[in-house]
Amino acid sequence: MSLYTEITDVRKKPKPVQWFFLSFQHVFAMFGATILVPLLTGLSPSTALFAAGSGTLIYILLTKARVPAFLGSSFAFIPPLITVTAAYGLPYALGGAFCAGLFYAVVAGIIKVSGTNWLTRALPPVVIGSVIIVIGLNLAPTAMGMVMNDGQGNYSLVYLSIAMVTLAVTVICNIFLKGFFEIIPILIGLVCGYLFTLIMGNFFPAYHIISFDKVREAAWFGLPSFTIPKFSFVPIITFLIVSLATICEHLGDILVLSKVVGVDFYKDPGLHRTLLGDGLATSWAALWGGPPNTTYGENIGVMAITKVYSIWVIGGAAVIAILLSFFQKFGALIQTIPTPVMGGISMLLFGIIASSGLRTVVESGVDYKDKRNLTISSVIMVIGIGGGRLAFNITGDLKFELAGVALATLIGIILNMVFPQTKEK
């Protein structure tokens with residue numbers, strides 16, 4: 001039996017050897033993006049792998065093993081993770097992420113009772129598209145800092161050259177490669193950038209920036225490092241507001257997956273179940289110190305290419321990810337990835353996030369001749385990208401503060417509800 005024999009039945013189990021290689025393909029596809037999020041936000045890559053694998057199994061359970069979706073680290077939550085961690089500390093960012101997952105569950109319950117019309121009215125494409133653009137562009141300074149500055153914050157031509165090589169390889173792979181390799185440009189870029197850094201360090205000792213000391217010191221096997229979340233009002237509100245945009249992202253992912261597999265997952269097992277699975281997987285991840293989860297387009301792409309939709313394959317990939325998280329030397333090796341390599345990848349990824357917001361606006365036919373749409377979009381982007389901030393004291397030491405993406409999202413929702421629709425709409 002060929003590795004790529006079509007298995008279009010979601011419940012069909014492949015033969016053992018075929019099962020392993022098909023599952024490993026999905027691990028290969030999700031790996032680059034899943035480890036990049038924790039590396040950018042100060043979380044543990046091993047914990048992220050554990051959270052992605054176990055979260056996927058939770059998702060499979062809650063969707064009655066009918067939706068072949070792999071859950072990995074969410075890029076949309078990078079801005080609040082960075083912002084809240086800087087202001088309050090990492091445990092409070094994880095607490096916000098935990099509550100965001102529970103908010104998914106609440107929204108899932110409302111959707112089960114009343115459908116999705118209320119959600120599309122509160123968050124039309126002009127709001128969601130603009131917010132996604134803000135998410136991507138908000139991360140641009142982070143990417144450029146990793147590209148140009150060394151560990152002391154000084155401009156470094158060495159860092160810039162490493163980042164440019166990494167970016168060039170990733171862009172070439174993204175545009176010119178076909179088939180399965182078209183799905184993993186991030187992973188190929190990471191590997192090539194890493195190798196280039198090693199080669200440069202060997203020929204020019206002054207440019208040696210990769211150290212394997214932690215890899216040698218790490219044990220072969222052990223538990224990932226876990227961080228217990230803490231809870232505070234402002235971080236929770238920040239994550240809840242940002243999760244409104246990621247909920248709409250979930251709707252789009254499930255719609256695309258439905259078209260690929262040929263099954264309407266909105267009806268069977270139901271959108272409320274897919275959203276509940278996504279939310280509880282996110283809460284589970286945050287509970288252990290991992291980044292919030294989301295359904296992965298890379299893995300949907302693998303299914304589109306291979307025509308293999310088996311839930312057993314997705315479950316196998318989840319188990320492999322969990323096993324990798326206990327391999328401590330592997331986790332230590334991941335953490336040796338140089339900052340400029342991550343910066344080179346981030347230049348493309350963060351731009352793609354912003355571009356996907358632009359695509360949402362264009363494909364939804366948002367009319368910018370309509371002053372209402374133009375105003376809403378303009379205000380969202382200026383507040384979000386310009387560093388808008390709302391802060392005041394409630395009582396004593398209790399402060400309320402919203403900034404960046406969260407504030408832009410909230411203002412966008414309010415403007416959409418306040419501004420009257422045109423008669424045609």
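Restricting attention to the range 1-24 and to residues that are at pLDDT below 80 and over 14 Å from Gly262 (Cβ atoms), the residue that is surrounded by the fewest Cβ atoms within 10 Å (Cβ to Cβ) turns out to be Ser2.
Residues of the range 195-210 being hydrophobic (A, V, I, L, M, F, W, C) and assigned to a helix (DSSP H, G or I), which ones?
Taking the range 195-210 and keeping what is hydrophobic (A, V, I, L, M, F, W, C), we get 195-196, 198-200, 203-204, 206, 209-210.
Across the range 195-210, the qualifying residues are Leu195, Phe196, Leu198, Ile199, Met200, Phe203, Ala206.
Determine which single condition Leu139 fails, assuming it passes every other condition in (1) open to solvent by less than 30 Å² (accessible area, probe 1.4 Å); (2) in contact (Cβ under 8 Å) with a residue 24 or more places away in the chain; (3) farther than 30 Å from Val418 by Cβ. Here Leu139 meets the rest and fails (3). Of all residues assigned to the range 46-69, at least one qualifies as being crowded, with 23+ Cβ neighbours inside 10 Å, among the small types (Gly, Ala, Ser), under 12 Å from the mean Cα position of the chain (by Cα) and in a helix (DSSP H, G or I). Checked against the criterion of being of a type outside the set (Asp, Glu), open to solvent by 10 Å² or more (accessible area, probe 1.4 Å) and under 30 Å from Asn373 (Cβ atoms), the candidates Asn174, Asn149, Asn154, Asn117 yield just one match: Asn117.
One residue stands out among those in the range 257-293 that are surrounded by 21 or more Cβ atoms within 10 Å (Cβ to Cβ) and of a type in the set (S, T, N, Q): the one that is modelled with the lowest pLDDT, which is Asn293. Scanning the range 190-217 for residues that are open to solvent by less than 70 Å² (accessible area, probe 1.4 Å), touching a Gly at 6+ places or on another chain (Cβ under 7 Å) and more than 26 Å from Phe327 (Cβ to Cβ) yields a total of 0.
Residues of the range 70-96 that are β-branched (Val, Ile, Thr), touching a residue at least 60 places away in the same chain (Cβ under 8 Å) and open to solvent by 10 Å² or more (accessible area, probe 1.4 Å): Ile82, Thr83. Take Ile241 and decide whether it is part of a helix (DSSP H, G or I), in contact (Cβ under 8 Å) with a residue 60 or more places away in the chain, in contact with a strand residue (DSSP E or B) (Cβ under 8 Å, 6 or more places away or on another chain) and surrounded by fewer than 18 Cβ atoms within 10 Å (Cβ to Cβ). For Ile241, the condition - part of a helix (DSSP H, G or I), in contact (Cβ under 8 Å) with a residue 60 or more places away in the chain, in contact with a strand residue (DSSP E or B) (Cβ under 8 Å, 6 or more places away or on another chain) and surrounded by fewer than 18 Cβ atoms within 10 Å (Cβ to Cβ) - is not met.
The values are calculated or read from the model by the stated rules, or taken from the named source; none is laboratory data. Bear in mind that the values here come from a model prediction, so they are computed numbers and not experimental data. Cβ atoms come from the backbone with ideal geometry, glycine included; neighbour counts cover every protein chain shown. SASA here: full protein model, heavy atoms, side chains in, ligands and nucleic acids out. Shrake-Rupley method; radii C 1.70, N 1.55, O 1.52, S 1.80 Å.
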